[in-house]
Amino acid sequence: MFLIGANGQIGKHLVKLLQDSQKHTLKAMVRSEEQAAALKESGVDAVVANLEGSVDELAAAMNGCDAVIFSAGSGGKTGPDKTLLVDLDGAVKSMEAAEKVGANRYVIVSAVQAHNRDSWKDSPIKPYMVAKHYADRMLTASNLNYTIVRPGGLLNEPGTENVKVAEDLEAGTIPREDVAKTVIATLDNENTFKRSFDLMSGESVIDKALKSL
């Protein structure tokens, strides 16, 4: 399992879940040697690579992995230029790298209603939504066995493991921990293969919610 964005807020939850997993082994991608050293101290196989680098560089880092989780982002403090380079072009390059090394399974963390242009036509984060929209479209057009997870407003409170999933949901919120647990649950869930969905806090446990798709 190759995790892109391991040092992000959702990524840190994913690292812990994958470390504890009996099904998956983890290789975590980060942007700096300092981040990699911290992960290695906790027993994580970490590699330094940059989404603004080449497809070949990403493929070299990814080599040997059969699945990819993309949970990276340029962050709220950067401008539209970095959003374009990381959230769109970086994501697409990672898809191309995955195809190159034969990592067929690919799960991406997107944003709620990213598929619906009308929902964000007046959004203050429109460049971010545009980047997510087209990254998701490139993923659906790829040869990868994808799942697109589109969470609502992200919270840092503890997860409840109770969620709601559907092709279209109105705006809501969800703890980052529950996003990470949902992403992990999709990996081997055939009901989520070649599917995309919005994700919010709800009343169904994660596995049951995914079966409802």
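Rule-based calculations on the coordinates, nothing more; no lab input. Because the structure is predicted, anything quoted here is derived from the model rather than measured. Cβ sites come from the backbone with ideal geometry, for glycine too, and all protein chains shown count toward neighbours.
In segment 13-120, if the dipole is taken from +1 on Lys/Arg beta carbons and -1 on Asp/Glu beta carbons about the Cα centre, which of Asn63, Asn116, Met29 is farthest to the positive end?
Of the options given, the answer is Asn116.
Taking the Cα atoms of the chain, what is the range of coordinates along each of the three principal axes, in descending order and whole Å?
39, 38, 32
For segment 75-159, what is Rg from Cα atoms divided by 2.2 N^0.38 Å, rounded to two decimals?
1.13
Based on the Cβ-Cβ distance from Asn162 to Leu85, what FRET efficiency comes out when R0 is 45 Å, to the nearest 0.05?
On the way: r = 36 Å, r/R0 = 0.80.
E(calc), rounded to 0.05, equals 0.80.
What FRET efficiency comes out for Glu99 versus Ser21 if R0 is 25 angstrom and r is the Cβ-Cβ distance? Round to the nearest 0.05. Could the numbers behind the result be given before it?
Numbers: r = 24 Å, r/R0 = 0.98.
Here the calculated transfer efficiency is 0.55.
Provide the per-residue ³J(HN,Hα) series for segment 105-118, in order, calculated from phi with Karplus coefficients 6.51, -1.76, 1.60 and θ = phi - 60°, each as a whole number of Hz, with x at glycine and proline positions.
7, 9, 10, 10, 8, 9, 8, 3, 6, 4, 7, 10, 4, 4
Between the DSSP loop rule and a limit of at most 14 other Cβ atoms within 10 Å, which GluC sites (Glu not before Pro) in segment 152-193 are left?
Within segment 152-193, the qualifying GluC sites (Glu not before Pro) (loop, at most 14 other Cβ atoms within 10 Å) are Glu167, Glu170.
Extension gain Met138-Phe193, at 0.36 nm per residue separation less the Cα-Cα distance, in nm?
Result: 18.2 nm gained on full extension.
Could you work out how much longer the chain between Glu34 and Lys126 gets when fully extended? Use 0.36 nm per residue separation minus the Cα distance between them, nm to one decimal.
29.9 nm
Which residue, Tyr146, Thr83, Asn104, has the largest displacement toward the positive end of the dipole of segment 81-193 when charges sit on each Cβ (Lys, Arg +1; Asp, Glu -1)?
Projecting each Cα onto the dipole axis, the largest value belongs to Thr83.
For segment 72-137 and segment 139-213, what is the centre-to-centre distance using only Cα atoms, to the nearest Å?
16
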